[in-house]
Amino acid sequence: MNFKNPKINIISLEEVDSTNTYAKNLAKEGMDEGTVVIAKRQTMGRGRLGRKFYSPSGTGIYMSIILKPETDAESILLITTAAAVAVSQAIENVTGKSTLIKWVNDIYMNEKKVCGILCEGSFRDCHTLEYAILGIGINISKPDTPFPDEIKNIAGYILEKDDENIKEKIIEEVIDNFFNLYKNISKKPHLEIYRKRNLLSGKPVNIIQCDEIIDEGVCTGIDDDFAIIITKDNDTIKISSGEVSVKERI
Ligand code: BT5
């Protein structure tokens, strides 16, 4: 694989519990920014809030990038959103297929989730980020055995048939696109494109906390700090916390 950024160092694994956990242990040992752990299969792929990320063998990309940003805690949200833009553009550039970003960390194609992003930070104190692990899981092709019941109505994939060439190209594009944004991350170079690809734009949404609907409204945009703006009657709510998720009302 070829990358524009000379700092990229790929570690390829057949199987791992979670590439995020593996990369975190490397970062703790002092491994450099730009180290990318890629696995063919994860036995305990993780989503946010202890959720699982189904990671079957060979049909997906499961990767984690070690980052050592110089900015503070808010950069986790910037990294997550930049990764969403990087993945969405990579899929489009390589396959010609359009995707949309569901705030804050999911990529959707034809109303199905084809990618999830999990950025985890380790903090020296409340504000100083020691390192961040950017985890990206993409369902490239139809899994050999169908998606499990709990995600069969949610999860989708990009290609009908597995294609190692396309998979490799998507990995290269994701990494190149991401680092291109990351070098100026504090200037938020991805804000406009993130807004344009906002799946929830203009849609009625539920605001969900701890699996419970706590409020509802209409998504009226993404603010300058990547918080989602939800309007209800004449009130405007902005949500930026990773512990709040927003779902479409069916
Ligand atoms: C995410 O969390 O979607 C973040 C997923 C990050 C996965 C990558 S893979 C490489 C790295 N190593 C890891 O261990 N993790 C990262 P969240 O937004 O919380 O969504 C989780 C929810 O997505 C689950 O509760 C399911 O409903 C759904 N889901 C699980 N597996 C899926 C899949 N393969 N495709 C689509 N949806 C899935």
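The values are calculated or read from the model by the stated rules, or taken from the named source; none is laboratory data. Remember, predicted model here, so these are calculated numbers, not experimental data. Here Cβ is always computed from backbone atoms with ideal geometry, including for glycine, and neighbour counts include all displayed protein chains.
Of the candidates THR43, THR71, the single residue that is of a type in the set (Ser, Thr, Tyr), in contact (Cβ under 8 Å) with a residue 12 or more places away in the chain, within 26 Å of SER186 (Cβ to Cβ) and surrounded by fewer than 23 Cβ atoms within 10 Å (Cβ to Cβ) is THR71.
In region 1-32, of all residues being part of a loop (DSSP other than H, G, I, E, B) and farther than 15 Å from ILE171 by Cα, the one that is nearest to the chain's Cα centre (by Cα) corresponds to SER18. No other residue among ILE138, ILE101 is away from the ligand (no atom under 11 Å from the Cβ), buried (at least 18 other Cβ atoms within 10 Å of the Cβ) and not charged (D, E, K, R) apart from ILE101.
Of everything in region 1-32 that is within 19 Å of PRO69 (Cα to Cα) and acidic (Asp, Glu), the residue that is surrounded by the most Cβ atoms within 10 Å (Cβ to Cβ) is ASP32. Being under 22 Å from THR19 (Cα atoms) and in contact with a strand residue (DSSP E or B) (Cβ under 7 Å, 6 or more places away or on another chain): is that true of GLU172 here? For GLU172, the condition - under 22 Å from THR19 (Cα atoms) and in contact with a strand residue (DSSP E or B) (Cβ under 7 Å, 6 or more places away or on another chain) - is not met. A search for C-beta distances below 9 Å between a residue of region 46-67 that is modelled with pLDDT of 95 or more and among the polar types (S, T, N, Q) and any residue that is within 6 Å of the ligand (Cβ to nearest atom) and in a loop (DSSP other than H, G, I, E, B), counting only pairs 6+ apart in sequence or on different chains, returns SER55/SER18; SER55/GLY45; SER64/SER18. ILE166 meets all of the listed conditions (1) closer than 21 Å to ASN20 by Cβ; (2) surrounded by fewer than 18 Cβ atoms within 10 Å (Cβ to Cβ) but one, namely (1).
With respect to the conditions (1) of a type outside the set (Gly, Ala, Ser); (2) modelled with pLDDT of 95 or more; (3) closer than 19 Å to ARG195 by Cα; (4) not in a loop (DSSP other than H, G, I, E, B), LEU77 falls short on a single one, namely (2).
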